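Enquirer: This is the structure I have questions about; it appears just below.
The values are calculated or read from the model by the stated rules, or taken from the named source; none is laboratory data. Predicted, not measured: the structure shown is a model, and the values here were computed from it. Cβ sites come from the backbone with ideal geometry, for glycine too, and all protein chains shown count toward neighbours. Keep in mind that these areas ignore ligands, DNA and RNA; they rest on the heavy atoms of the full protein, side chains included. Shrake-Rupley method; radii C 1.70, N 1.55, O 1.52, S 1.80 Å.
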Amino acid sequence: VEEGIEIGESESETFTDPRDGQVYKIVKIGDQIWFAENLNYESDYGSYCYEEDPENCKKFGRLYRETSHCPNGWHIPNRTEWEELINFLGGSEIAGGKMKTISGWNEPNIGATNESGFSALPSGVAWWPADNAFYGMGDFCAWWVSDRHQMVINSGGENTNFYYWNDSEGESWGA
């Protein structure tokens, strides 16, 4: 990624996943480079389309178990990296709005500006071990944090939240 790209300016910057040739938008926010769309790499273990509908994968990307499906050279962000992003965007009370797309979310979609270019979509989640336990499409999105937390944005606010997932109660998958 070229030097000097400012917040939200890198919509033309892309990354091609060498595993399957899919092309993804990337964005520089502060000093960090992020995917500006959800990964859609299909693996043999732990990647699913919402409600098992391939059209949902085309729009929202795939839902993954916590194991990393990242392309070589990329990684699941740790909490410090997420916090750096959130702080750069003004803190946890407003960062979610700056990360959410303006359309595609259920009402009220409070604070959505996508001024960061992060382009968060309301992809929902899948819960495991329950079969076909998909929910939240249109209302929220969740991403894995490398320390077994999830970072969540919802349609009812512009804030961001971290949740710790306890394996003894089940396991969730996020984008």
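Enquirer: With respect to the numbered conditions (1) modelled with pLDDT under 90; (2) more than 23 Å from Asn154 (Cα to Cα); (3) open to solvent by less than 40 Å² (accessible area, probe 1.4 Å), which one is the sole condition not fulfilled by Tyr64?
Expert: Result: Tyr64 passes all but (2).
Enquirer: Would you check which residues across region 30-59 are of a type in the set (A, V, I, L, M, F, W, C) and in contact with a helix residue (DSSP H, G or I) (Cβ under 6 Å, 6 or more places away or on another chain) and list them?
Expert: Of everything in region 30-59, just one residue is of a type in the set (A, V, I, L, M, F, W, C) and in contact with a helix residue (DSSP H, G or I) (Cβ under 6 Å, 6 or more places away or on another chain), namely Cys49.
Enquirer: For region 11-57, which positions are touching a Gly at 6+ places or on another chain (Cβ under 7 Å) and of a type in the set (D, E, K, R)?
Expert: Scanning region 11-57 gives Glu11, Glu37.
Enquirer: So, one more: What are the pairs, 6+ residues apart or on separate chains, where a residue within region 38-57 that is in contact (Cβ under 8 Å) with a residue 40 or more places away in the chain has its Cβ under 7 Å from a residue that is hydrophobic (A, V, I, L, M, F, W, C) and in a helix (DSSP H, G or I)?
Expert: Going by the 7 Å Cβ cut-off, the qualifying pairs are Asn38/Phe60; Tyr50/Phe60.
Enquirer: Here's a follow-up. If you scan region 9-58, which residues turn out to be hydroxyl-bearing (Ser, Thr, Tyr) and either under 16 Å from Ala126 (Cβ atoms) or open to solvent by less than 60 Å² (accessible area, probe 1.4 Å) (or both)?
Expert: First pass over region 9-58, keeping only residues hydroxyl-bearing (Ser, Thr, Tyr): 10, 12, 14, 16, 24, 41, 43, 45, 47-48, 50.
Across region 9-58, the qualifying residues are Ser10, Tyr24, Tyr41, Ser43, Tyr45, Ser47, Tyr48, Tyr50.
Enquirer: Filter region 137-159 for residues that are under 18 Å from Leu39 (Cβ atoms) and not hydrophobic (A, V, I, L, M, F, W, C) and give the result.
Expert: Of everything in region 137-159, those that are under 18 Å from Leu39 (Cβ atoms) and not hydrophobic (A, V, I, L, M, F, W, C) turn out to be Ser146, Gln150.
Enquirer: In addition: Might you let me know whether region 93-102 holds any residue that is under 24 Å from Glu51 (Cα atoms), open to solvent by 60 Å² or more (accessible area, probe 1.4 Å) and not charged (D, E, K, R)?
Expert: yes
Enquirer: Another question about this same structure. Specify which of the listed residues (Ile76, Ile110) is at pLDDT below 95, over 18 Å from Arg148 (Cα atoms) and of a type in the set (Val, Ile, Thr).
Expert: Answer to the selection: Ile110.
Enquirer: From the list Ser172, Ser123, Ser146, exactly one residue is modelled with pLDDT under 90, in a loop (DSSP other than H, G, I, E, B) and of a type in the set (S, T, N, Q). Which is it?
Expert: Going through Ser172, Ser123, Ser146 in turn, the sole match is Ser146.
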